[in-house]
Number of protein chains: 2
Amino acid sequence: MVRYFIELAYNGSKFHGWQIQPDAPTVQEELNCALSTLLRENIQVVGAGRTDTGVHAAYYVAHFDTSILIPDPSQVAYKLNRLTGNDIAINKIYPVAEDDHARFSALSRTYKYFIDKQKNPFTCTFAWKVYPLPDINLMNEACNQLFRYTDFTSFSKLHTDVTNNNCTIYQAFWEDTGQQLVFTIEANRFLRNMVRAIVGTMLQIGQNKLSLEGFCKIIESKNRCNAGTSVPGHALFLWDIKYPEKIVNRK
Amino acid sequence: MVRYFIELAYNGSKFHGWQIQPDAPTVQEELNCALSTLLRENIQVVGAGRTDTGVHAAYYVAHFDTSILIPDPSQVAYKLNRLTGNDIAINKIYPVAEDDHARFSALSRTYKYFIDKQKNPFTCTFAWKVYPLPDINLMNEACNQLFRYTDFTSFSKLHTDVTNNNCTIYQAFWEDTGQQLVFTIEANRFLRNMVRAIVGTMLQIGQNKLSLEGFCKIIESKNRCNAGTSVPGHALFLWDIKYPEKIVNRK
């Protein structure tokens, strides 16, 4: 058996997230079907992590094991792009070591959240329009507070199966690109719903409905009920996943 | 009666073009309805020109006459954005002289056509994927030939009601933006279907199926049957419309 990494991007609008589930279209299922058809072997891809319904991935990594010899992975990528619909694009396939793992080998994930400053008929399926527009400086002050904490229970969905709620935040900032406000956050791991709950709570700060002190108290309370409402998933993108050099060098 | 210019943008995916027609959604109809509801008067907007089914406008101008006093046009724009769906955005409304005309006062129109170089799940509703990828240098040589001509009958839809097929091309070029090939063309006027027929014919040149000499002969033949197939409308944007200084200064 040889293990392959597969780099892809997907428009999550029509999917019920990454992870396979009965009676609903998911990216994992479409990829399993296309790879199994192409390689004529039952292929089960393992993803770098879940994404929620409607959330997009500008960059996503999965791995799969196969006994089928693949002399030219770029040909498999090309054919896979013809088997999958418009909403999934396969960008690269390459062999890795048998213990390299799309999820467990990942060093960090980066998400971006997009806010349209004005009504925009071309970006509205990938961004959320917020009114009144939040103060980006206030939200960036909140970003700086995030680095003081590791337990983000307050921004996690209740009743998930993780053993602890500790995350190390590497980057978190808002920028104004002219047409949009964009939030970028990188961490070693994310809890379920975490980015959308953080953005929802930060918007309250940016709209003067919550103080910085209140923001810190919410985190310290370790109680999801205290945080702001989650923002919609259609404006959230999994943007990047970092792997160790030894995997990157395999590309 | 006071005449107003209204600047807007629209995602053409769900519209049967700009111009009102029975039993099909059009931008003109949605705008007429919203303005009439808001101003409580029967308003008929006049557009800068037609766009075909599925074609988008990043910038569009229409005018309307009203006897209703509008003390703050930006408030009308704001309310209009709430009355119209996600696919139309009103960007500005301002009073003009009574003989300023959205269509007849326009000095030039600019269109852009977008080609995705790779499968892309985020841009595929606004760009066309072409395979094999055309040679952009060959297509730019074809652009230079366009300036030699004014009669573009060969790139016009048959049986339209215009009295002549003369257009003056001001700009025409292809550029490679990294992810996409983008065609920009500016002219005083465009014939129906003209940009899509020009792009379709240029792609034949870029894919070595047609020579530059053959391209010129097609134009000189003044026969639509000789030109290449029209490319799909979903990748075409009306991008800009230029008006005389006296109108621009009214903004």
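Against the longest principal axis of chain A, how steep is helix A:194-206, in degrees 0 to 90 to the nearest 10, with axes from Cα atoms?
With both axes taken from Cα atoms, the answer is about 30 degrees.
Keeping the other protein chains in place, figure out the carbon and sulfur percent of the accessible area of chain A, with a 1.4 Å probe.
Numbers: 5770 of 11750 Å².
Carbon-and-sulfur percentage of accessible area, whole number: 49.
Once you have all Cα-Cα distances for the protein assembly as shown, histogram them in 20 Å bins from zero and send the whole-percent values.
Per 20 Å bin, starting at zero, the Cα-Cα P(r) for the protein assembly as shown comes out as 20, 44, 32, 4 percent.
Using a cut-off of under 13 Å, list every residue of segment B:70-113 whose amide N is near the label point 7 Å from the Cα of B:Asn249 along the Cα-to-beta-carbon line.
B:97, by backbone N distance to the label point.
Taking only the Cα atoms of segment A:2-105, how large is their convex hull per residue, in Å³?
Working: hull volume 9.4 nm³, N = 104.
So the per-residue hull volume is 91 Å³.
Note down the net charge around A:Glu245, summing +1 for each Lys or Arg and -1 for each Asp or Glu among other residues with Cβ under 14 Å from its Cβ.
Numbers: positive: A:Lys242, A:Lys246, A:Arg250, A:Lys251; negative: A:Asp100.
For residues surrounding A:Glu245, the net value is +3.
Just the number, please: Stokes-Einstein D of chain B in µm²/s, Kirkwood Rh from C-alpha pairs, 20 °C, 1.002 mPa s.
Estimated via Stokes-Einstein, D reaches 112 µm²/s.
Based on the Cβ-Cβ distance of B:Lys209 and B:Ala24, what FRET efficiency does E = 1/(1 + (r/R0)^6) give at R0 = 25 Å, to the nearest 0.05? Working shown, then result.
Values: r = 35 Å, r/R0 = 1.40.
Between B:Lys209 and B:Ala24 the formula returns 0.10.
Does anyone have the angle between helix A:27-39 and the longest principal axis of chain A? Alpha-carbon axes, 0 to 90°, nearest 10?
Between helix and principal axis, roughly 10 degrees.
What distance in nm lies between label points placed 7 Å from Cα along the C-beta direction at B:Lys242 and B:Cys33?
Computed distance between label sites B:Lys242 and B:Cys33 equals 3.7 nm.
Calculated from DSSP H runs of 4 or more alone, at -39500 (n - 2.57) each and per residue, what is the 222 nm mean residue ellipticity of the protein assembly as shown, nearest 500? Spell out each step's value before the answer.
Values: 12 runs with 124 residues, N = 502.
For the protein assembly as shown, the value works out to -7500 deg cm²/dmol.
Hey, how many Å between the Cα centroid of segment A:121-140 and the Cα centroid of segment A:196-212?
One Cα centre to the other: 12 Å.
Considering only protein heavy atoms, what per residue accessible area in square angstrom results for the protein assembly as shown with a 1.4 angstrom probe?
Details: 23500 Å² over 502 residues.
So the protein assembly as shown comes to 47 Å² accessible per residue, rounded to a whole number.
Considering only the other residues whose Cβ falls under 9 Å of the Cβ of A:Ile136, what net charge follows from Lys and Arg at +1 and Asp and Glu at -1? If you can, show how the numbers build up before the last one.
Working: positive: none; negative: A:Asp135, A:Glu175, A:Asp176.
So the surrounding residues net to -3.
Could you tell me how far the Cα centroid of segment B:35-74 sits from the Cα centroid of segment A:11-33, in Å?
If you average the Cα positions of each part, the centres end up 42 Å apart.
Total accessible area buried between chains A and B, 1.4 Å probe, in Å² to the nearest 100?
Working: alone 12530 and 12540 Å², together 23500 Å².
For chain A against chain B, roughly 1600 Å² becomes buried.
Would you look at the GNM of chain A, springs on alpha carbons closer than 10 Å, and say which of A:Phe15, A:Phe122, A:Phe152 moves the most?
Maximum fluctuation in the GNM of chain A, among the listed residues, is at A:Phe122.
To confirm my reading of the symmetry, which residue of chain A has the Cβ nearest the axis that brings A onto B, and what whole-Å distance does it have?
Output: A:Thr125, 4.
Once the label point is set 7 Å along the Cα-to-beta-carbon vector, what list of distances in nm do you get between A:Leu83 and its counterparts in the other copies?
Those label-point separations list as 5.2 nm.
Note the full-extension length gain between B:Arg103 and B:Asp151 as 0.36 nm times their separation in residues minus their Cα-Cα distance, in nm to one decimal. Let's see the in-between values first.
Values: separation 48, 0.36 × 48 = 17.28 nm, distance 2.08 nm.
Computed gain between B:Arg103 and B:Asp151 is 15.2 nm.
Nearest 10 degrees is fine. How inclined is helix B:136-146 to the longest principal axis of chain B, computing both from alpha carbons?
70
Once you list every other residue whose beta carbon is under 11 Å from the beta carbon of B:Tyr59, what net charge do they have if Lys and Arg are +1 and Asp and Glu are -1?
Values: positive: B:Lys92, B:Arg109, B:Lys112, B:Lys242; negative: B:Glu7, B:Asp240.
Every neighbour counted, the sum reads +2.
Could you grab the relative contact order for chain B? Cα pairs under 8 Å, six or more apart, rounded to a whole percent. All intermediate terms of the calculation are to be shown ahead of the outcome.
Working: 530 pairs, mean separation 60.7, N = 251.
Relative contact order of chain B: 24 percent.
How far is B:Tyr170 from itself in the other copies, in nm, if each label sits 7 Å out from Cα along the Cα-Cβ line, shortest first?
Inter-copy label distances (nm, one decimal, shortest first): 4.8.
Which value results when the Cα radius of gyration for segment B:108-239 is divided by 2.2 N^0.38 Å? Display every interim value, and only then the final one.
Numbers: Rg = 13.9 Å, N = 132, 2.2 N^0.38 = 14.1 Å.
So segment B:108-239 has a normalised radius of gyration of 0.99.
Distances from B:Glu41 to the same position in the other copies: list them in nm, one decimal, shortest first, using label points 7 Å from Cα along Cα→Cβ.
Here the equivalent label points are 7.4 nm apart from this one.
The values are calculated or read from the model by the stated rules, or taken from the named source; none is laboratory data. Keep in mind that what you see is a predicted model, and the values were worked out from it rather than measured. Neighbour counts run over all protein chains shown; Cβ positions are idealised from the backbone, glycine included. We work out accessible area using only protein heavy atoms, side chains counted, and drop any ligands, DNA or RNA first. Shrake-Rupley method; radii C 1.70, N 1.55, O 1.52, S 1.80 Å.
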